[in-house]
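Q: This is the structure I have questions about; it appears just below.
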Protein chains: 2
Amino acid sequence: MRAFAFEVRAEDGLARSGRLVTPHGVIETPAFMPVATFGAVRGISPEELERLGAQILLSNAYHLHERPGEDVVAQAGGLHPFTGWKGPWLTDSGGFQITSLAARVRIDEEGVTFCSPHDGRRRTLTPEKAIQVQEKLGADVAMVLDECVSDDVATASLRSRAAMERTWRWAERSLRAHRRVDQALFGIVQGGYSPVLRRKSAQITSTLGFDGHAHGGLGLGENAAQREELIAVAHEALPRHLPRYLMGLGRPSDLVQAIAQGVDLFDCVIPTRNGRHGILFTRAGTLAVRNARYRSDPSPPEESCDCSTCSRYSRAYLRHLLHVNEAFGARLAAIHNLRFYRRLLEEARAAIRGRSFATFRTGVLDALGAPAREPQAEGGLR
Amino acid sequence: MRAFAFEVRAEDGLARSGRLVTPHGVIETPAFMPVATFGAVRGISPEELERLGAQILLSNAYHLHERPGEDVVAQAGGLHPFTGWKGPWLTDSGGFQITSLAARVRIDEEGVTFCSPHDGRRRTLTPEKAIQVQEKLGADVAMVLDECVSDDVATASLRSRAAMERTWRWAERSLRAHRRVDQALFGIVQGGYSPVLRRKSAQITSTLGFDGHAHGGLGLGENAAQREELIAVAHEALPRHLPRYLMGLGRPSDLVQAIAQGVDLFDCVIPTRNGRHGILFTRAGTLAVRNARYRSDPSPPEESCDCSTCSRYSRAYLRHLLHVNEAFGARLAAIHNLRFYRRLLEEARAAIRGRSFATFRTGVLDALGAPAREPQAEGGLR
């Protein structure tokens, strides 16, 4: 019996709602994964994450490989006992972080060679090594090492094509290296901004036998219409019975748009990072709680919210804590934002089941107003 | 009926255990007050503080005056509703912070004039203003504005004497300005390192009608024997039926020594600040959890500890979080250290009641070994 299974239980247009079964719990999809880069979600405890309804956390295999090292995590029995989050984990391979953050990156057929942003030392990460690290970490879902290219189609389709083809060969090597039957392995669709390459990448990746598929390299500069097309052509080629994950995105509006196209999983640092910077999500749009107008505002961040922040604290207190850079402020803001995402996805699932997702989506987008001008993807270390 | 009362219920030598009744709860003494400079204890929630047994929190009136402003707190109904900590609060006036941190400080009879470390603007704090701010904040206990001098006796007794005498005149003005009957007001004994001046200061302060008395300006450079004498001469002059508070100190060894001399209240940033820097308190001495030897250590910070950190997390995980500067690490470490202080004081109270405090004190000091070389007082903003 497989420890891992996915079942689509309701569809509404292309949107779908399902259940992703993992060894550490069942995830109702579409789902949002809070980001715990180093094995903790920015000051938030596992108990708080459970209370606010987090279903699965994402960590970064490359960062954990650097510190504390996968052997330390393995000795503790893996990520679950090491971190105290007993629910499902997904680890990203870190390919994106390396190619976007490290210095002196050289990519060849063997793998990625780079100078560590942590200690400056020269390291090589191969597809096999990325699997080995992730098997030691023991997440429920692992990701293949991919080469992330965000070039524009017209100027660099050759480079995009080369990256895509290498990602495909790396995918095969990853699958051969993968041993743990209690861990799913997801492939990643690349292809820059070229619909042709994305389609080709999805076609090839879908034949390799992955447990799920991801869109890589999006949210880095393409516009909404481009992204919609890139997702659409990939979805046409990807098997419908496996989960689809849009990596690193995004804003609430990005989520509802992508859900409408049939995406099942999301991760993004926006809820925690924006919270830290005083940007709170509400169904009426974002609230910049550091603003002077909230100086004495006794109301909670969002009236209708049931999170532990909104049920106990005022905008005035939150504003004050963020202004004096007190860690408790970042914690309260992150809890609210993560709860906001959880509720948004919960309602999206209900709307799909009720075959009213189009109305739900329009309602959310109308309420949020024009897309907020926030960065869509990770600006620094994830 | 007074909202504020203090009763000594057990004595053992000079050590004493009692109950301090405030409008927001009863404090068993000797007690340690976690420091919430800006109205929150460094990333820790009121619920967590309650669970770990905190009885009273300390905040800083001067810092809250700068941000968010006492009017904001007053509009929220005071510190208790503003911060969500419903138990007793004590506010320090901020005299120490100003004279030690601000630039271009000028002290004259009227008050302290200085450049704000926050916005560089010139401000004046008078004894009356310090009371007015604290009445608006609404803590259960307020402190007079004092002038803190840490000069050596031999070199600057004249300055110490002038400061002491001014503190005495300020104390009278503070008492005249104080209106709230639901708020206690404590006087502060000064006098630098001169036993003669300290005795004199205590004698005068004790005649003015304060609800309690504090030792100010200690822990800034004097040695243990000096401090013991300075506390002793003051205690000879201070009324025994009122609480005595040693401001800003200290290490566990400082606490048991001062309790032996009859001190009832303490505050210090050491538990939270040391935690953040990876120094954990245990009854066998401090544990530098960032050390490489704990890289894979599965044991909790302290085996015998019942705190939420020790019951769930390993030294290896804590070390990792602190190394990658993840806020959750500072939170876990602070919770352990604050719980350690709470347990230490709980045992001290029991030992006093059982008339075995001398044995308890020797046991604690022996187990802790030679006094650890940690800074005793606040190095930066409290």
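Q: In Å, what Kirkwood hydrodynamic radius results for the stretch A:42-87 from the alpha-carbon pair distances? Numbers along the way, then the final one.
A: On the way: mean 1/r = 0.0880 Å⁻¹.
Result for the stretch A:42-87, one decimal place: 11.4 Å.
Q: Could you tell me the accessible area of B:Arg122 in Å² (1.4 Å probe, neighbours in place), rounded to the nearest ten?
A: Rounded to the nearest 10, that gives 100 Å².
Q: So how much accessible surface do B and A hide from each other in total, probe 1.4 Å, in square angstrom to the nearest 100? Intermediate results must be reported in sequence, preceding the final value.
A: Working: alone 15460 and 15460 Å², together 28110 Å².
That pair hides around 2800 Å² of surface in total.
Q: What is the diffusion coefficient of the stretch B:65-179 in µm²/s, taking the Kirkwood radius over Cα pairs and the Stokes-Einstein relation at 37 °C with a viscosity of 0.692 mPa s?
A: On the way: Rh = 15.1 Å.
Result for D is 218 µm²/s.
Q: Convert 4 °C to kelvin, take the viscosity as 1.567 mPa s, use the Kirkwood radius over C-alpha pairs of the stretch B:76-116 as Rh, and evaluate the Stokes-Einstein diffusion coefficient in µm²/s, rounded to a whole number. Walk me through the numbers before you get to the answer.
A: Details: Rh = 12.4 Å.
D = 104 µm²/s.
Q: Express in % the proportion of alpha carbon pairs of the stretch A:269-317 at distances exceeding 14 Å.
A: Numbers: 572 of 1176 pairs.
That tail contains 49 percent of the Cα-Cα pairs.
Q: Which of these, B:His63, B:His320, B:His80, has the largest mean-square fluctuation under a Gaussian network model of chain B (Cα springs below 10 Å)?
A: B:His320
Q: Answer rounded, prolate or oblate for the stretch B:245-284, using the Cα gyration tensor with square roots of eigenvalues a ≥ b ≥ c: rounded when a/c is under 1.5, else prolate when a/b is larger than b/c, else oblate.
A: Numbers: a/c = 3.97, a/b = 1.68, b/c = 2.36.
Here the stretch B:245-284 falls in the oblate category.
Q: Semi-axes, largest first, in whole Å: what does sqrt of 5 times each Cα gyration tensor eigenvalue give for the protein assembly as shown? Spell out each step's value before the answer.
A: Working: eigenvalues 636, 150, 98 Å².
Gyration-tensor ellipsoid for the protein assembly as shown: 56, 27, 22 Å.
Q: Still on this structure, please answer the following. Show me the GluC sites (Glu not before Pro) within the stretch A:248-357 that DSSP assigns to loop and that have at most 11 other Cβ atoms within 10 Å of their Cβ.
A: Working: sites: A:Glu302, A:Glu303, A:Glu326, A:Glu346, A:Glu347; in loops: A:Glu302, A:Glu303, A:Glu326.
Here the sparse-neighbourhood loop sites are A:Glu303.
Q: Please compute, for peptide B:328-338, the average count of beta-carbon atoms on other protein chains lying within 10 Å of each residue's beta-carbon.
A: Rounded to a whole number, the mean comes out at 3.
Q: Sticking with this structure for a sec: Using the Karplus curve 6.51 cos²θ - 1.76 cosθ + 1.60 with θ = phi - 60°, work out ³J(HN,Hα) for each residue of the stretch A:210-219 in order, rounded to whole Hz, and write x for Gly and Pro.
A: 6, 7, x, 9, 10, 8, x, x, 9, x
Q: List the distances, in nm to one decimal, from the label point of B:Arg169 to the label points of the same position in every other copy, shortest first, placing each label point 7 Å from Cα along the Cα-to-Cβ direction.
A: Shortest to longest, the spacings are 8.7 nm.
Q: Now, a different point. Could you compute how much accessible surface A:Ser59 exposes when probed at 1.4 Å, giving the result in Å² to the nearest 10?
A: 0
Q: Let me ask something else about it. Can you bin the stretch A:109-227 into rounded, prolate or oblate? Criterion: square roots of the alpha carbon gyration tensor eigenvalues sorted a ≥ b ≥ c, rounded for a/c under 1.5, prolate for a/b above b/c, oblate for the rest. All intermediate terms of the calculation are to be shown ahead of the outcome.
A: Values: a/c = 1.90, a/b = 1.31, b/c = 1.45.
The shape class here is oblate.
Q: On C-alpha positions alone, give me the angle between the axis of helix B:127-137 and the longest principal axis of chain B, in degrees, nearest 10.
A: Approximately 50 degrees, to the nearest 10.
Q: Something else now. Counting every Cα pair in chain A, what percent are over 26 Å apart?
A: Numbers: 36408 of 72771 pairs.
That tail contains 50 percent of the Cα-Cα pairs.
Q: From the label point of A:Glu11, set 7 Å from Cα along Cα→Cβ, how far away are the matching label points in the other copies, in nm, ordered shortest to longest?
A: For A:Glu11, the other copies' label points sit at 8.5 nm, shortest first.
Q: Quick one: with all protein chains in place, what share of the accessible area of the stretch B:191-254 is carbon or sulfur, to the nearest percent (1.4 Å probe)? Before the final figure, lay out each step's value.
A: On the way: 1060 of 2080 Å².
Solvent-exposed carbon and sulfur of the stretch B:191-254 make up 51 percent of the total.
Q: Can I ask one more? What average count of beta carbons from other chains do you get within 10 Å of the Cβ of residues in A:60-70?
A: Numbers: counts 0, 0, 0, 1, 2, 0, 1, 5, 9, 3, 0.
Mean partner shielding for this stretch: 2.
Q: Can you divide the C-alpha Rg of the stretch A:1-90 by 2.2 N^0.38 Å and report the result to two decimal places? Don't jump to the answer; show the numbers that get you there.
A: Values: Rg = 14.6 Å, N = 90, 2.2 N^0.38 = 12.2 Å.
This ratio for the stretch A:1-90 stands at 1.20.
Q: Moving on. Please give the per residue accessible area of the stretch B:18-115, computed with a probe of 1.4 Å over protein heavy atoms only, in Å². Present the calculation step by step, with values, prior to reporting the outcome.
A: Values: 2890 Å² over 98 residues.
Value for the stretch B:18-115: 29 Å² per residue.
Q: Which log10 I(q)/I(0) values does the stretch B:287-364 give at q = 0.20 Å⁻¹ under the Debye formula, counting every alpha carbon as one identical point scatterer?
A: -0.82
Q: By what distance, in whole Å, do the Cα atoms of the stretch A:97-150 stretch along each of the three principal axes, largest value first?
A: The Cα atoms of the stretch A:97-150 stretch 32, 25, 20 Å along the principal axes, largest first.
Q: What shape does the stretch A:297-342 have by the C-alpha gyration tensor, where a ≥ b ≥ c are the square roots of the eigenvalues, rounded means a/c under 1.5, and otherwise prolate means a/b greater than b/c and oblate the rest? Mind dumping the intermediate values first?
A: Details: a/c = 2.53, a/b = 1.32, b/c = 1.91.
It comes out oblate by the Cα gyration axes.
Q: Bin all alpha-carbon pair distances of the stretch B:225-382 at 10 Å intervals from 0 and give each bin's fraction as a whole percent.
A: With 10 Å bins starting at 0, P(r) equals 10, 37, 33, 15, 4, 0.
Q: When Cβ neighbours within 10 Å are restricted to other protein chains, what is their mean count per residue of peptide B:289-295?
A: Values: counts 0, 0, 0, 0, 0, 0, 5.
If you average over the peptide's residues, the count of other-chain Cβ atoms is 1.
Q: Full-extension gain between B:Leu208 and B:Ala284, please, as 0.36 nm times their residue separation minus the C-alpha to C-alpha distance. It would help to have the intermediate numbers written out before the result.
A: On the way: separation 76, 0.36 × 76 = 27.36 nm, distance 4.33 nm.
Here the segment from B:Leu208 to B:Ala284 would lengthen by 23.0 nm.
Q: Moving on to the next point. FRET efficiency for B:Arg121 and A:Arg355, Cβ-Cβ distance as r, R0 = 56 Å, nearest 0.05? Mind dumping the intermediate values first?
A: On the way: r = 61 Å, r/R0 = 1.09.
With R0 = 56 Å, the Cβ-Cβ based efficiency is 0.40.
Q: Going 7 Å from the Cα of B:Arg169 toward and past its Cβ, which residues in the stretch B:73-114 have a backbone nitrogen under 12 Å from where you end up?
A: Output list for this probe position: B:108-111.
Q: Could you tell me how many degrees, from 0 to 90 and to the nearest 10, lie between the Cα long axis of helix B:357-368 and the main elongation axis, the longest principal axis, of the Cα atoms of chain B?
A: That works out to roughly 60 degrees.
Q: Indicate the residues belonging to the stretch B:72-91 that lose 40 Å² or more of solvent-accessible heavy-atom surface (probe 1.4 Å) upon moving from the chain alone to the assembly of all protein chains, ignoring ligands and nucleic acids.
A: B:Val72, B:Phe82
Q: In the stretch B:30-67, which residues have a backbone nitrogen under 16 Å from the label point lying 7 Å from B:Ser311's Cα in the Cα-to-Cβ direction?
A: From the stretch B:30-67, the list is B:47-54.
Q: Give the angle, between 0 and 90 degrees and rounded to the nearest 10, that separates the Cα long axis of helix B:195-206 from the longest principal axis of the Cα atoms of chain B.
A: 70
Q: What figure in square angstrom, to the nearest 10, would you give for the accessible area of A:Phe281 with a 1.4 Å probe?
A: About 10 Å², rounded to the nearest 10.
Q: Please report, as a whole percent, how much of the solvent-accessible surface of the stretch B:1-139 comes from carbon and sulfur atoms (probe radius 1.4 Å).
A: On the stretch B:1-139, the fraction of accessible area on carbon and sulfur atoms equals 48 percent.
Q: A further question on this structure: Report, for A:Gly285, each distance to the same residue's label point in the other copies, shortest first and in nm; define the point 7 Å along Cα→Cβ.
A: Inter-copy label distances (nm, one decimal, shortest first): 6.1.
Q: Under a point spin-label approximation (7 Å from Cα along Cα-to-Cβ), what is the A:Arg159-B:Ala10 distance to one decimal in nm?
A: 7.4
Q: Right, something else. Taking all protein chains together and a probe of 1.4 Å, list B:His24, A:His178 from the most accessible to the least accessible.
A: B:His24, A:His178
The values are calculated or read from the model by the stated rules, or taken from the named source; none is laboratory data. Bear in mind the structure is a predicted one, so any value in this text is a computation, not a measurement. Don't worry about glycine lacking a Cβ; one is built from the backbone with ideal geometry, like all the others, and counts go over all protein chains shown. For the accessible areas, the whole protein counts, side chains as well, though only heavy atoms, and no ligand, DNA or RNA atoms are used. Shrake-Rupley method; radii C 1.70, N 1.55, O 1.52, S 1.80 Å.
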